[in-house]
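Okay, so here's the structure we're looking at.
The values are calculated or read from the model by the stated rules, or taken from the named source; none is laboratory data. A quick note: this is a predicted structure, and the numbers were derived from the prediction, not measured. Cβ sites come from the backbone with ideal geometry, for glycine too, and all protein chains shown count toward neighbours.
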Amino acid sequence: MKKQGIRRYIILYDIAIFIALFVSLYFLHGKPAGITSDVVYIQAIVTFIITFGARIVGRVYKQILRYGGIQGYIRLLVTDACAFLINFAFLNIIPLKHVSGAFLLIVAAMNLLSALAIRMFYRYAYKCANRNTPIGKMLDFCLRFFAGMKLREEKLSEMQKTNIAIVGAGSIGVALVEELRSNPNSQYSPRCFVDINKEKINRSILDLPVLPENEGVFEKLKELEIGEVVLAISDLEDEKAKKLHESYLNEGFKIKVYDYPLMQSVNGKRMVRDFDIEELLFRKPIIIHNEKTEEYYKDKTVMITGGGGSIGSELCRQLAKFSPKKIIIVDIYENGAYDVQQELKIAYGKKLDLNIEIASINNRRAMERLFKEYKPQILINAAAHKHVPLMENNCIEAIENNVLGTKILVDLCEKYEAESFVMVSTDKAVNPTNVMGATKRMCEMIVQSASTHGKVKYSATRFGNVLGSAGSVIPLFKKQIASGGPITVTDRRIIRYFMTIPEAAQLVLESGAIAKNGELFVLDMGQPVKIYDLARNMIRLTGASGIEIIETGLRPGEKLYEELLVKTEQLVKTENSLIFIERDTPYSAEEINEKLKLLITACQSDDDETAKIALKKAVPTYKAVGEATAN
């Protein structure tokens, strides 16, 4: 049934109600003394014209009633109240005798009440006519007969829908039920609420029972044939979310989330969806961006090396929002750079001055050409070889790219008078046990040393593992689950700090904005996560069965536990409660140069073992494989 047809039905019913009221009040109950039939007709016509004219002006009949609510009812009430006042004033102005204000008020009130009743009934019938119950069938008949709607044929059969229980009988849970009932093709049928509020337990909301959250609830859910459980609670504590997730999964229920409010939902749309991988960490996303950060990057020329990578591309996305003068993406991998270029072009068009340069940071001549052409004010170095096991067998490449590439960038920033240099580091640089971590620690040492004698403002930002980044554990687990398993975990005891890609990018940008010179910034990342538990949750979340988790043993250079700080007693707070500074005594320029000469000579030998020995001498905290004590 078209909306225009429903609107005509409502108008006809309103007119019929109005006529019936005048007929019953004036004729069935007798006319007031002294009032002639002419007066009755005039009052009826004037009242009709003013009442319906006011409703048309107030756009009462423009509303879609099935999606309406209290706002629509208030609009009708206000419109009719204005119509009554205008009608009363008009009938007293014209030379008409025996106009009764009380009588007109009775007519207006009853007419309004009847109009509200017909709208409420229609909205209730539309939501509930699809239920396979006597009431549902009766409502369906009413809609067919009185509104010409074949609603039960338009909606999914109840047998086709998934029965769900909604955890949280608050405003969010109620909003979910109303949304599902107002959607004729919703695949979910809400059957009950689950809550801990004693005032709600064993009562009903929207005709749904509210069950207590206890051990007995699982049996009741099975009796109701619940297939999925939807969490609809705002500001749910991390430990509570984890407990709910575990308990329902252990009982065989699928767990989903209702996105609400809108600012927390995907693409601004509310939806019932699966847990995101990030949510398996059971901690709230960390929001770091502030107005000072935005102001810092506004109208600046920013060069991002490694700009096509996981972190680099997210840095570009967030920087683009700050209205920079120019963004230069430098990357040796052209596919990644191309992808982020196309994404930003679609999003910003000509509003964003974006330049893509394909070059390696350890190619001094290429990098000097770029510095000479663009003269970047801010340099963010996100280019690095980061894969731990691969770098163990490619030590020379790791040194040349990570260490010598960083030194080239530092030299060019000084030569072309950049304002600031921000280096992306890692928790693996803390007391490193692998080549990759040792090279990143050497990069930190270069940057901190340059801060003592250079003109550029230097800083480094250090964070843990990034969810969903290229080469990280989550994509690997997804592929292993998709192929039927097994999932490989190096050690069931291994734990890691995790953050999302947006969080990592926010940390880099804010630390660069608040840096004064020489800081090594670290983020309070909360509690570490057991990789084994993460793998188990991913298996459960996908509903896969028969997937094994196999321990393969620690890889060369891999730790059981990652550290974020070199010396925790030297932590310094910043204006952001989530960002801290780890201060370390910087090396002199002479000491850094000696270390670099040692590494360059070792790389020229073309022998990885010689390079590892040199790297150990250059980075005193580096404990090579076999020397690192078990944690």
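Of the candidates I358, I396, I311, the single residue that is touching a helix residue (DSSP H, G or I) at 6+ places or on another chain (Cβ under 7 Å), modelled with pLDDT of 95 or more, among the aliphatic types (A, V, I, L, M) and surrounded by 15 or more Cβ atoms within 10 Å (Cβ to Cβ) is I396.
For (1) over 24 Å from K623 (Cβ atoms); (2) in the same structural domain as T585 (by TED's automatic domain parsing); (3) without any contact (Cβ under 8 Å) to a residue 40 or more places away in the chain; (4) touching a His at 6+ places or on another chain (Cβ under 9 Å), each residue gets a yes or a no:
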| residue | (1), (2), (3), (4) |
| --- | --- |
| A429 | no, yes, yes, no |
| P432 | no, yes, no, no |
| G437 | no, yes, no, no |
| R441 | no, yes, no, no |
| V447 | no, yes, no, no |
| V456 | yes, yes, no, no |
| F463 | no, yes, no, no |
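Only one of the listed residues (L139, L176, L143) is touching a Cys at 6+ places or on another chain (Cβ under 6 Å) and either modelled with pLDDT of 70 or more or assigned to a helix (DSSP H, G or I) (or both). That residue is L139.
Just one of (1) part of a helix (DSSP H, G or I); (2) within 23 Å of K455 (Cβ to Cβ) fails for N401. It is (2).
Inspect all residues belonging to the stretch 167-182 and state whether any of them is buried (at least 21 other Cβ atoms within 10 Å of the Cβ) and on the phi > 0 side of the Ramachandran plot. The answer is yes, given that some residue of the stretch 167-182 is buried (at least 21 other Cβ atoms within 10 Å of the Cβ) and on the phi > 0 side of the Ramachandran plot.
All conditions but one from (1) among the aliphatic types (A, V, I, L, M); (2) surrounded by fewer than 23 Cβ atoms within 10 Å (Cβ to Cβ); (3) not in a helix (DSSP H, G or I) apply to L370; the one that does not is (3). From I35, I6, I17, grab the single residue that is surrounded by 16 or more Cβ atoms within 10 Å (Cβ to Cβ), in contact with a helix residue (DSSP H, G or I) (Cβ under 7 Å, 6 or more places away or on another chain) and modelled with pLDDT under 75. Only one candidate passes the filter, namely I6. Flag: F477 does not match the condition of being at pLDDT below 90 and in a strand (DSSP E or B). Within the stretch 184-196, the set of residues being surrounded by fewer than 18 Cβ atoms within 10 Å (Cβ to Cβ) and in contact with a Lys or Arg (Cβ under 9 Å, 6 or more places away or on another chain) comprises P184, N185, S186, Q187. Within the stretch 327-340, the set of residues being out of contact with any Cys (no Cβ under 9 Å at 6 or more places or on another chain) and either surrounded by fewer than 17 Cβ atoms within 10 Å (Cβ to Cβ) or more than 18 Å from F371 (Cα to Cα) (or both) comprises Y333, E334, N335, G336, A337, Y338, D339.
The set of residues in the stretch 537-557 being at pLDDT 80 or above and either touching a helix residue (DSSP H, G or I) at 6+ places or on another chain (Cβ under 7 Å) or assigned to a helix (DSSP H, G or I) (or both) consists of I547, I549. With respect to R55, determine if the residue is closer than 26 Å to E179 by Cα, modelled with pLDDT of 75 or more, surrounded by 14 or more Cβ atoms within 10 Å (Cβ to Cβ) and outside the structural domain of L176 (by TED's automatic domain parsing). For R55, the condition - closer than 26 Å to E179 by Cα, modelled with pLDDT of 75 or more, surrounded by 14 or more Cβ atoms within 10 Å (Cβ to Cβ) and outside the structural domain of L176 (by TED's automatic domain parsing) - is not met.
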